[in-house]
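Asker: Sharing a structure here in structure tokens format.
Just so it is clear, none of the values below were taken in a lab; they were calculated from the coordinates. Since we're looking at a predicted model, the values are computed, not measured. When we count neighbours, we look across all protein chains shown, and the Cβ atoms used for this are built from the backbone with ideal geometry, even at glycine.
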Amino acid sequence: RRPEKGLGWDKKYNRNSNGPRLCVEMSMLKTDHARRVFALYRRSLKNLLDWAVERDLFNEEAHKIRAQFDKNKHLDLLAAKRALSDGEALLEKYKHPDPYINPLSPGGSSYMRYPIQRPEVYVDQRGAGGHH
């Protein structure tokens, strides 16, 4: 049973649309868009850290990046998608040629330097050569 007119039904479901289904599809689009925006923001800060090693310079530039994201916060979905793709292209343009990789991560200088050995790999050194 639908609520009576004037009790919020008109605001929640647009009568000229498919009702709840359209609302769910729009919320899914917004959620996907929000995830992409968050990922772009995070990648932007990581890329900035590759360029600006000094913390005070990093903080100053990070505030500028945040201001650009806040400026586009209230755009409609179509304009926001354009701004997102422009931002991704800009990030690709300014990507660091030699990004920082954590030494213990794959591709890092210490990755698998001291691998953890399984118990069955250990050899009893006392028994080697027959000397005890």
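Asker: So what's the net charge close to Leu75: Lys and Arg +1, Asp and Glu -1, counting the other residues with Cβ under 15 Å from its Cβ? Walk me through the numbers on the way to the answer.
Answerer: On the way: positive: Lys30, Arg36, Lys71, Lys73, Lys81, Arg82; negative: Asp70, Asp76, Asp86.
For residues surrounding Leu75, the net value is +3.
Asker: Let me ask something else. For labels at Ser85 and Trp51 in the simple 7 Å Cα→Cβ model, what's the distance in nm?
Answerer: If labels sit at Ser85 and Trp51, their model points lie 2.3 nm apart.
Asker: Separation between the His33 and Asn102 pseudo-spin-labels, each 7 Å from Cα along Cα→Cβ, expressed in nm?
Answerer: 3.3
Asker: Rg(Cα) of region 32-94 divided by 2.2 N^0.38 Å?
Answerer: Working: Rg = 12.0 Å, N = 63, 2.2 N^0.38 = 10.6 Å.
It is 1.13.
Asker: By how many nm would the segment from Asn59 to Tyr94 grow when fully extended, if each residue of separation counts as 0.36 nm and the alpha-carbon distance is taken off? Spell out each step's value before the answer.
Answerer: Working: separation 35, 0.36 × 35 = 12.60 nm, distance 1.78 nm.
Taking Asn59 through Tyr94 to full extension adds about 10.8 nm, to one decimal.
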